Amino acid sequence: MKAQIKFGTSGWRAVMADEFTFENVRRAVIGISRHVSSLKPSGARVIVGRDPRFLGESLVAMAADILAEHGVTPIVITDPAPTPAIAYEVIRAKTDGAINFTASHNPAEYNGIKFSTPDGAPALPDVTKSIEAAIAVADAETAPAAPATNKAEKQEASIKKEYLNRLKQLVDIPAIKNAGLKIAFDPMWGASRGYSDVILREAGVDVTTIHDFRDVLFGGHAPEPDGEYLNDLKAAMKQSSARIGIACDGDADRFGIVDDDGTFISANYIIALLFDYIVESRGWKNGVAKSVVTTNMVNALAAQHKIELYETPVGFKYIGELIKQDKLAIGGEESAGLSIRGHVPEKDGVLAGLLCCEMVAKRGYSLKQQLKRLFNQVGSFYPVRENFRLTPEVKAKFTAKLAADPRDLDGRRVTEVVRKDGLKLIFEDGSWVCFRLSGTEPVVRVYSEARSEADCAKLSAAAKRWIEL
């Protein structure tokens with residue numbers, strides 16, 4: 001079945017053997033090959049990598065053949081590799097982009113393609129539209145394409161050493177060792193295996209690693225480093241007396257952090273904590289970026305530090321653009337993605353975990369203790385994200401409702417309407433709610449934040465009622 005291939009905020013993803021078939025992957029790679037060739041008719045080089053998902057090796061081999069047939073030299077990464085490591089290699093080796101077979105944190109039945117541009121960043125809409133147009137042109141051709149006269153030769157590469165060396169420049173690994181910090185690490189059977197723990201262990205840090213083998217089913221659940229999936233990490237922390245637990249998702253672009261008492265610390269709070277720590281430890285004050293649905297604690301800290309704040313639509317590619325322009329000390333999204341100044345314009349879960357270890361080691365306080373200090377400085381913030389499934393009738397009514405500018409929500413007066421991404425309503429007391437319709441399923445994502453847990457619960461309930469009205 002020929003599927004409509006649409007590249008979203010993090011590439012194209014679909015269920016294997018449904019829409020993600022060899023035929024459709026071939027179509028997607030042909031589109032990418034033609035796009036790259038149109039920009040550089042001769043001498044183009046594209047990295048081809050993968051996470052550890054089922055059939056990854058076969059997909060990489062097929063993509064390498066298609067690129068070569070189009071005169072583009074494929075540089076095949078021989079082992080599963082983190083998305084940020086692939087992004088770094090694009091920049092380091094000055095290639096013309098990268099094809100990465102991964103569905104990130106999606107369940108095992110999914111796979112996907114991420115395309116990175118020559119700057120190491122996720123492809124922006126103008127690039128993905130060009131690729132989609134090239135796919136459509138190829139689909140419409142009735143005669144088979146003529147064989148390339150300049151077929152390229154495949155190359156192979158190993159990228160771990162260079163990427164880990166870069167992380168050693170960005171993170172104070174010796175400080176983690178000198179603090180005697182014990183760490184537990186969960187790669188969730190994913191691409192960060194042999195990365196986060198190796199860089200620490202080589203420096204003499206005591207690291208306990210779990211799930212350190214390939215499992216294409218990811219333990220029977222999504223490889224998402226969220227609290228509900230990190231019970232094994234919490235148990236390993238308790239058994240090894242670790243003071244912090246770090247985890248990455250399937251392709252290691254997202255992070256999950258557990259405090260010394262087994263409490264999962266949300267990405268919203270980690271981004272705020274690391275922003276404050278980066279300013280304190282590096283002295284960088286060139287800017288901070290967050291998606292429109294990420295905690296306003298970042299806004300409050302930016303005001304306190306007198307640092308320019310950039311608020312972007314959802315999708316790390318927008319933050320990546322600012323990193324490329326050296327406008328940021330740090331940028332992050334509540335969906336557990338961040339990067340820092342001088343690094344890749346792509347989410348890096350490995351870096352995030354290591355920075356958290358450094359922060360705990362050098363400050364000497366647990367994450368909850370540090371968060372309490374921030375609450376004392378800028379006030380408390382309680383964010384929550386929920387998904388609500390919609391019936392066709394409710395979705396139609398709700399979609400129409402999103403086009404209007406509400407003046408109140410359940411008695412709360414709206415003081416500002418923001419349409420940077422979805423519909424965000426900001427209220428008199430600084431609390432807010434944002435509604436974003438999914439582009440792939442009948443779901444509305446609702447992000448709420450208030451200054452107390454009780455008020456956040458009330459705001460979330462009010463948002464749900466508004467959806468169903």
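The 1.4 Å probe gives accessible areas that order Arg166, Arg50, Arg13, largest first, as Arg13, Arg166, Arg50. List the relative contact order of the stretch 71-159 as a percent without decimals, with contacts defined as Cα pairs under 8 Å and 6+ residues apart. Normalised by residue count, the contact order of the stretch 71-159 is 45 percent. Mean separation of Cα pairs under 8 Å and 6 or more residues apart, divided by the residue count, gives the chain a relative contact order of 12 percent.
With a threshold of 28 Å on the Cα-Cα distance, the over-threshold entries among Lys327/Lys362; Lys40/Lys317; Lys2/Lys161; Lys6/Lys458 are Lys2/Lys161; Lys6/Lys458. With q set to 0.14, 0.17 Å⁻¹, the log10 of I(q)/I(0) for the stretch 280-404, from the Debye formula over equal scatterers at the Cα positions, is -0.71, -0.97. Within the stretch 38-105, the percentage of alpha carbon pairs spaced more than 18 angstrom apart rounds to 34%. All C-alpha to C-alpha distances of the stretch 11-164, sorted into 10 Å bins beginning at zero, yield P(r) values of 12, 44, 37, 7, 0 percent in whole numbers.
For the stretch 278-371, relative contact order (Cα pairs under 8 Å, six or more residues apart, normalised by length) works out to 24 percent. Expressed per residue, the C-alpha convex hull volume of the stretch 137-269 stands at 191 Å³. Counting Lys and Arg as +1 and Asp and Glu as -1 over every other residue whose Cβ lies under 11 Å from the Cβ of Arg193, the net charge comes to -4. Span-like helix criteria (full DSSP H runs; alpha carbon extent of at least 24 Å along the helix axis; mean Kyte-Doolittle hydropathy of at least -0.5) are satisfied in the chain by 22-39. Can you list the GluC sites (Glu not before Pro) in the stretch 283-391 that are in a DSSP coil and have 14 or fewer other beta carbons within 10 angstrom? Qualifying residues, ordered by number: Glu308. Sites listed here are GluC sites (Glu not before Pro) in the stretch 194-286 whose DSSP assignment is loop and whose Cβ has at most 15 other Cβ atoms within 10 Å: Glu202. Computed over protein heavy atoms with a 1.4 Å probe, the carbon and sulfur contribution to the accessible area of the chain reaches 50%. Computed packing ranks the peptides 266-272, 176-182 as 266-272, 176-182, most packed first, by mean other Cβ atoms within 10 Å. Extension gain, His221 to Leu469, is 85.9 nm, computed as 0.36 nm per intervening residue step minus the present C-alpha separation. Surface analysis of the chain yields an accessible area of 40 Å² per residue, using protein heavy atoms and a 1.4 Å probe. With Cα atoms defining each centre, the stretch 155-221 and the stretch 394-410 are spaced 46 Å apart in the structure.
FRET efficiency for the Val394 to Ala454 pair, using the beta carbon distance and R₀ = 35 Å, is estimated at 0.80. What Kirkwood radius, in Å to one decimal, follows from the Cα pairs of the chain? About 23.0 Å for the chain.
The values are calculated or read from the model by the stated rules, or taken from the named source; none is laboratory data. None of these values were measured; they are calculated from a predicted model. In this analysis, Cβ positions are derived from the backbone assuming ideal geometry, glycine residues included, and neighbour counts consider all displayed protein chains. Note: accessible area is taken over every heavy atom of the protein model, side chains too, but ligands, DNA and RNA are not part of it. Shrake-Rupley method; radii C 1.70, N 1.55, O 1.52, S 1.80 Å.
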